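Some notes on the structure that comes next.
All of the numbers you see were taken from the coordinates with simple rules; none came from a lab. What you are looking at is a predicted structure, and each value in this text was computed from that prediction instead of being measured. As a convention, Cβ positions derive from the backbone with ideal geometry for all residues, glycine included, and neighbour counts pool all protein chains shown.
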Amino acid sequence: MNVVKNMNLMNHEKHYNTLHHYYLHKYRQKVFKISLNGGFTCPNIDGTVATGGCTFCSYMGSGDFAGNKLEPLAVQFEKIKQMMHNKWEEGLYIAYFQANTNTHAPLKRLKELYEEAITLDKNIIMLSIGTRPDSLPSDVVEYLGELNQRMPVQIELGLQTIHETTSELINRAHDLACFDDAVQRLREKRIEVVVHIINGLPFETKDMMIETVKHLNTLDIQGIKIHMLHLMEKTKMGYQYKKNPWKLMTLEEYVDVTVDQIGWLRKDIIIHRLTGDSPSSMLIAPHWTRKKFVVTNEIDKKMRKLDLWQGDYDEKERTS
Ligand code: SF4
């Protein structure tokens, strides 16, 4: 496996590789992700592989902050870009297809969308595509490999958990072997892979969540997004919870698990996210997930208190 060890992006504030520092180190300026909506559906909703979708998924296809699919990509891009510039004066852009499964269309359509997206602005430095591992046929991977030589391509791949019982419970409709295979095929084309996982899925213990991270350490992945399970209105899991509530993770439990996961996470992997996000009006529970800064501050505080750095547990196990 070809991985870069010790990116040296950690500092006294953050004991792990943050995306912010990674981009600053690489591009010397702020990088924004501009979420575009290409009007995709999802094979886990439309019957291609299953129906109903993942039980936590919102009707927006887990792209609750993406652009409006009824508008041309150029309009979506300009609107979100302006919003970003209200906060930061300067920056480079990543064109990001976020909502639903963004490789779930004929290759011809994918080419039209992606080729348009990368030319929307001269300051676009990357194309990022959120998808499922079972939606990467060989012709699409072949094309993405070719595109990756002209414009860096990053694939955000949903996994959520390595545990098949949970996966079945939440109706992921693919297995771990399918995920591992997708990572390998993308890496053969040197495409950057960022994996999404969720902490706090029903019946998962702390050990199970840590096992998910340990499995990811064995794969050639470059980034990770760790989310807390948040229950939203108009989702199957949201209905299940309202009908028969179960105990969700507290902030303290989430911090405890996530800190240990970071301790186990390989040192070269970039952490893109440590919290989940959902529009306030759609959130059922847990309410503490609204306070993103509190969550990351608590994680940072605990890592400093323990003097724990990303990958310390992993390194200790490898060298003992
Ligand atoms: S694969 Fe993604 S878009 Fe499809 S149902 Fe699951 S979370 Fe939603």
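Shown for the chain: cysteine residues without a partner Cβ closer than 4.7 Å, namely C42, C178.
Across region 124-136, rounded Karplus estimates of 3J(HN,Hα) from the backbone phi angles (6.51 cos²θ - 1.76 cosθ + 1.60, θ = phi - 60°) give 6, 10, 6, 10, 10, 10, x, 7, 9, x, 8, 10, 10 Hz, Gly and Pro being marked x. Working from the Cα coordinates of region 167-320, the gyration tensor eigenvalues give, after taking √(5λ), semi-axes of 26, 21, 14 Å in decreasing order. Using the average count of surrounding beta-carbon atoms within 10 Å as a protection proxy, the listed peptides 95-106, 276-287 rank, highest first, as 95-106, 276-287.
The aspartates and glutamates within cross-link reach of K111, meaning a Cα-to-Cα straight distance under 17 Å and a gap of 8 or more places when in the same chain, are D139, E142, E146.
Working note: 222 nm ellipticity from helices only, DSSP H runs with n ≥ 4, each -39,500 (n - 2.57), summed and divided by the residues of the chain, gives -11500 deg cm²/dmol to the nearest 500.
Size of the chain: Rg and Dmax of its alpha carbons, in Å, are 18.9, 56. The relative contact order of region 19-319 comes to 16 percent, based on Cα pairs under 8 Å that sit 6 or more residues apart. DSSP assigns beta bridges within the chain; of those with both partners inside it, close to 10 percent run antiparallel.
A cut-off of 5 Å between modelled amide H atoms, ignoring neighbours fewer than 5 places along the same chain, links F32 with L92, Y93, I94. Taking other Cβ atoms within 10 Å as a rough exposure proxy, T250, T212 sort from fewest to most as T250, T212.
Listed by chain and number, the lysines whose C-alpha is less than 16 Å from the C-alpha of K243, apart from same-chain residues fewer than 8 away, are K234. Region 189-212 and region 263-299 have their alpha-carbon centroids 14 Å apart.
Here the mean projected area of the convex hull built on the C-alpha positions of region 231-320 is 7.2 nm².
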